[in-house]
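Okay, so here's the structure we're looking at.
Nothing in this text is a laboratory measurement; each read-out follows from the coordinates by a stated rule. Computed from a predicted structure; not experimentally measured. Every residue, glycine among them, receives a Cβ derived from its backbone with ideal geometry; neighbour counts consider all protein chains shown.
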Amino acid sequence: MKKMTLSAIVLGLAAAGAFAQAPAAAPAAAPAEQAAAPADSVKAAEEAKKAEEAKAAEEAKAAEEAKAAEEAKKAEEAKAAEEAKKAEEAKAAEEAKKAEEAKAAEEAKKAEEAKAAEEAKAEDAKPAENTNPGEVANAAGNAFAMLKASMNEETSAAQMEVKFSGSAEFDVYSGDVLNDDDFNHSYWTTFDFNIDVKFNDKWSAHVGLEADGPIDNPGVGYNGAFVQYKPADFFAVKFGDLTFTEGAFKAYYGYDDPQYNAAGMKEHDIRGLQIDLAGLELGFGFGRGANDRCAWADPAEDDGCKVYNAHVAYEFDYAGQHLRPFFDYKSYQQEQHNELHAGIDAGINIGGFSFRAVYDFHADYLLDDEDIVDGQDWTSTAHAILAEPSFDVAMFQIKTTFFYAFISDTDAPASDAWSTEIPEYFFVYAEPALKVGGFMKFGIPVEFHTNTLDDDRDDTKTIDVGGRLYLTPVENLDITAFGMVDIPIGDNDDDTALRFGVETVFNF
């Protein structure tokens, strides 16, 4: 048993030696294996490189996607923030609107309550239903109710508003440059300054100053003041210094100041009361200034020639048409010395065409039956007719005037019967004009004048022809320059005259 074991050991050792010698016999195969190894290594490296690049590309793509996702997230968050901001602003605006509406509703409520309180306080002044202020009778009822209600009102606080306005005119005229020995000249100057005071919605006042005369420096004087109560557009009451005039010349520039001339009635100044009611004008008072004495009276003497004056007119104006009948009575409080004006002023406007007409009946020393001076009748009457058609379209304009007065004979002194109210018994005027540029107009006046109130005279007539340049470089400023040739006709043996002038007027 021991021998077998030893033999086995010897055989095992021999086999081990044989296996140990086997590798030395295979060196020939090694080079081939060694040549194959580099190719596999290159391929493996190439594949590794590609894998690395693919991995890098994958990582870059992932990073790009992550970056885009981050930006999209930020944009979404910004959008959400913007929408939230807009929603907040919309909410704030809505709240502000609601607050404003609530405030307005509260103010409206207070105003309504105040109005209701006022209406309750003046219940008697509430107009009757279905009344029309355009109708004098209904308007009178409403006006009386308003006056009655005002008697119960307490003195209210004044809400003072003061406004200033006025105008100034300074003119210069040459004499007859053809016949005068020297280059003569004359002036006319006018200044009006008005102050209007508004106490509240119903009460107001006015005061004026005036300077006017054919000199370069007329003195400035008081021109009247009045107080007005006007609770409604159709109703007003004035008391103080008032002025009434009717049928003034509007087209002809030479007689356009109603203080001196009128086809109807020149200015009558009074100190008294005026009521305006739905187009009806009522005035009554004592004469003031030149309207408070006879033509011959000396203001320094108390000769008893004092005037009271009553005036009535009704103004109807509708769709470019107007109609104004008027009546004025003046008493000098002397034997049979009184004066009456009655007439109508009417007109129509259609496009660029307008037509105006005035009729006036004027009488002085009414019903005198030789009571003033034995054997003399001082009653004097006149029927005056004025027509003023005009046409204005595009650049062309024409103004015309036709005036004629039928004047009766009278034994009264001419200065007493007619204090230059009617300038002459007959004249005709026409002035075609062309608008040049934006603020310039050139006119050619052609005029026929009798220059007298006596229709039997033929030695005062003239035809006047010339040119007038109108400049309005700015609103409320007017400059007029003119040259006129006065040509005597008929029995008038005066020389032909040439005169010039410049008139400047501005309002403020």
Using the crude model of +1 on Lys and Arg Cβ and -1 on Asp and Glu Cβ, and no other charge, please compute the dipole size for the stretch 353-394 relative to its Cα centre, in debye to 20. 520
Can you spot the lysines whose alpha carbon is less than 29 Å from LYS85's alpha carbon? Ignore those fewer than 8 places along the same chain. LYS67, LYS73, LYS74, LYS97, LYS98, LYS103
Loop-resident sites, the stretch 409-506, for chymotrypsin sites (Phe, Trp or Tyr not before Pro), counting at most 15 other Cβ within 10 Å (DSSP): PHE439
Tell me which GluC sites (Glu not before Pro) from the stretch 427-508 have a DSSP coil assignment and no more than 12 other beta carbons within 10 Å of their own. GLU475
If R₀ is 45 angstrom, what is the calculated FRET efficiency for the pair ARG457 and VAL227, using the beta carbon separation as r and rounding to 0.05? 0.40
Add +1 for every Lys or Arg and -1 for every Asp or Glu among the other residues with Cβ under 10 Å from the Cβ of THR400, and state the total. -1
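If R₀ is 35 angstrom, what is the calculated FRET efficiency for the pair ALA54 and ALA80, using the beta carbon separation as r and rounding to 0.05?
Once rounded, the FRET efficiency stands at 0.35.
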When each pair of different Cα atoms in the stretch 162-229 is counted once in the 1/r mean, what is the Kirkwood radius in angstroms, to one decimal? 14.3
Cα centroid separation - the stretch 139-205 against the stretch 455-508, whole Å: 29
I'd like the Kirkwood hydrodynamic radius of the stretch 406-508, using the inverse of the mean 1/r over distinct C-alpha pairs, in Å. 16.2
Could you sort out which of LYS148/LYS238; LYS202/LYS266; LYS238/LYS266; LYS109/LYS230; LYS441/LYS461; LYS250/LYS330 sit more than 19 Å apart by Cα distance in this structure? LYS202/LYS266; LYS238/LYS266; LYS109/LYS230; LYS441/LYS461; LYS250/LYS330
List the chymotrypsin sites (Phe, Trp or Tyr not before Pro) in the stretch 192-263 that DSSP assigns to loop (not H, G, I, E or B) and whose Cβ has at most 14 other Cβ atoms within 10 Å. Which are they? TYR260
Which one of THR401, HIS383, GLY467 is farthest out on the positive end of the charge dipole of the stretch 332-473, using unit charges on Cβ (Lys, Arg +1; Asp, Glu -1) and the Cα centre as origin? GLY467
